[in-house]
Amino acid sequence: MNDNDDRAAGGKADVVPAATASRMRELGISLAFAAQMRAAARLGIADALGDQPRPAAELAAAIDADPDTLDRLLRALTSHGVFVETAPGHYAHTDLSQLLREDHPASLKYLMLWFTAPWTWQVWPRLDEAVRTGKPAFTEIYGADFFAYLRSDPESAEVFHRAMTEASRISSDRVVDVLDVTDVRTVVDVGGGQGHLVATLLRRYPQVRAVLYDLATVVAGALAEIREGGELADRCQVVAGDCRVDVPAGADLYLFKNVLEWDDESTLAALRAVRRCGQPGGRVVLVQNLVEDTPELTVTTAMDLFMLLNVGGKKHTRRGLARLLEAAGLRPDGVEPVPGTTLRAVTAHIPAVGA
């Protein structure tokens, strides 16, 4: 075989473009970037930096860190556009690093801490096994399902619930924008966390009453304004329960936001509870990312696999979600975007008895 034959066969004479090899190395070591983001969030660098550039040595004193190693961490983060080096050893915020500030109105600090929580470093290496079996890795590693684990680990639970609250706070106004509450008297926010979406809905529509429904450990931290004595409490009930078992009966609208991403059996159980407890003609709105209809494909597909490892769940396609709705006895109506977000509102209704 001559040199030309070797090249044609894809042998050693092939030259990989430098940019391609660099990208492959970047992907392979991307775990390091996740660790950098976690370290920045835990150290509170973004909060300490404030609005003006500061030298690494000054920041180190503020957060009780070693000046040299903090400078190295900041240098690494600037390579991804998280912080910027304005002069040797001096750093300032970028649009990305601002989102690590706890006081930012669109803060994602706790979402970053959830993405990189200690348990995540244990499940990701099991992805090949999960792909072979279709089963989650979490239970095998920790001897309990994810939510049982949260109940046993207050720190992880706090991070998880604060991350969910961040996500809800950012999108609640825009979700309410697309909700049709014509002739709606009562809304049940199923798996509604601490109640940001419910509170937004009640402020926007004074004629509507709502139920915040989630696990007891979650609703224990419900917003003050919807709890007894709060400004919205007269129009809101806070109810503890598991939607895979039951949901509050008789509502006009059942709302699930980023909830139904478990295994199909659990998702069907929740949807069947709505079919069983809701009234004919009642509506169901599922607000979530859809795999084939998202501007954040790399994030959505990564979260799809994350859900597999974590709870045996998935991010849905339009067709897959429609099949689940129909299997639960509900009638799909349509899908529309939630403007200004990556979310979609999937609507369905409860058919008349015998339909």
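The values are calculated or read from the model by the stated rules, or taken from the named source; none is laboratory data. Worth saying up front: this structure is predicted, and the values here are computed from it rather than measured. Ideal geometry is used to build each Cβ from the backbone, glycine not excepted, and the neighbour counts take in all protein chains shown.
Would you confirm whether any residue within region 265-286 is farther than 24 Å from L197 by Cα, touching a helix residue (DSSP H, G or I) at 6+ places or on another chain (Cβ under 7 Å) and surrounded by fewer than 19 Cβ atoms within 10 Å (Cβ to Cβ)? Quick ask: steps written out before the conclusion?
Looking only at region 265-286, we keep the residues that are farther than 24 Å from L197 by Cα, and these are 265, 276, 280.
Now drop any that are not touching a helix residue (DSSP H, G or I) at 6+ places or on another chain (Cβ under 7 Å), which leaves none.
No; the residues of region 265-286 include none that is farther than 24 Å from L197 by Cα, touching a helix residue (DSSP H, G or I) at 6+ places or on another chain (Cβ under 7 Å) and surrounded by fewer than 19 Cβ atoms within 10 Å (Cβ to Cβ).
Can you report the number of residues in region 228-264 which are more than 16 Å from L197 (Cβ to Cβ) and part of a strand (DSSP E or B)?
1
Please specify each residue of region 177-208 satisfying the condition of being surrounded by 24 or more Cβ atoms within 10 Å (Cβ to Cβ), β-branched (V, I, T) and assigned to a helix (DSSP H, G or I).
V198
If D246 meets every condition in (1) more than 26 Å from R162 (Cβ to Cβ); (2) of a type outside the set (S, T, Y); (3) in contact with an Asp or Glu (Cβ under 9 Å, 6 or more places away or on another chain) apart from one, which number is that one?
Status for D246: all satisfied but (3).
E225: at pLDDT 95 or above and assigned to a loop (DSSP other than H, G, I, E, B), yes or no?
Numbers: at pLDDT 95 or above: yes; assigned to a loop (DSSP other than H, G, I, E, B): no.
For E225, the condition - at pLDDT 95 or above and assigned to a loop (DSSP other than H, G, I, E, B) - is not met.
So the check is Cβ under 7 Å with 6+ separation or different chains; which pairs have a first residue in region 10-35 that's on the phi > 0 side of the Ramachandran plot and of a type outside the set (K, R) and a second one that's exposed (fewer than 10 other Cβ atoms within 10 Å of the Cβ) and modelled with pLDDT of 90 or more?
Listed by first residue and then by second, the contacts come to nothing, as the list is empty.
Any idea which of (1) more than 25 Å from L150 (Cβ to Cβ); (2) of a type in the set (S, T, Y); (3) surrounded by fewer than 19 Cβ atoms within 10 Å (Cβ to Cβ) is the one Y91 doesn't satisfy?
(3)
Looking at (1) under 15 Å from the mean Cα position of the chain (by Cα); (2) over 24 Å from S172 (Cβ atoms), find the lone condition where K315 falls short.
Here K315 clears every test but (2).
L324: within 30 Å of I141 (Cα to Cα) and touching a residue at least 40 places away in the same chain (Cβ under 8 Å), yes or no?
Details: within 30 Å of I141 (Cα to Cα): yes; touching a residue at least 40 places away in the same chain (Cβ under 8 Å): yes.
So L324 passes the test.
Could you check how many residues of region 57-92 are part of a helix (DSSP H, G or I) and either at positive phi or of a type in the set (V, I, T) (or both)?
Result for region 57-92: 3.
Could you check region 175-194 and list, in sequence order, the residues that are under 16 Å from the mean Cα position of the chain (by Cα), in contact (Cβ under 8 Å) with a residue 40 or more places away in the chain and closer than 18 Å to P105 by Cβ?
Matches in region 175-194: V175 only.
Which helices (runs of 4 or more DSSP H) does region 96-154 wholly contain that include 2 or more residues that are under 16 Å from T165 (Cβ atoms)? Walk me through how you get there before you give the answer.
Working: elements: 109-115, 120-123, 127-133, 138-142, 146-152.
Where helices (runs of 4 or more DSSP H) fall fully within region 96-154 and carry at least 2 residues being under 16 Å from T165 (Cβ atoms), they are 109-115.
Among the candidates T116, T139, T78, which residue alone is without any contact (Cβ under 8 Å) to a residue 24 or more places away in the chain, within 16 Å of F33 (Cβ to Cβ) and surrounded by 13 or more Cβ atoms within 10 Å (Cβ to Cβ)?
On the way: T116 fails: without any contact (Cβ under 8 Å) to a residue 24 or more places away in the chain; T139 fails: within 16 Å of F33 (Cβ to Cβ).
Just one listed residue meets the conditions, T78.
Can you pull out every residue in region 176-215 that is of a type in the set (V, I, T) and under 23 Å from A249 (Cα atoms)? Don't jump to the end; show me each part of the working.
Just the residues of region 176-215 that are of a type in the set (V, I, T), to begin with: 176, 178, 181-182, 184, 186-188, 190, 198, 200, 208, 211.
Once the filter is applied, which keeps residues that are of a type in the set (V, I, T) and under 23 Å from A249 (Cα atoms), region 176-215 yields V176, V181, T182, V184, T186, V187, V188, V190, V198, T200, V208, V211.
Looking at region 338-355, which of its residues are touching a residue at least 60 places away in the same chain (Cβ under 8 Å), under 20 Å from R174 (Cα atoms) and surrounded by 14 or more Cβ atoms within 10 Å (Cβ to Cβ)?
V338, T341, L343, A345, V346, T347, A348
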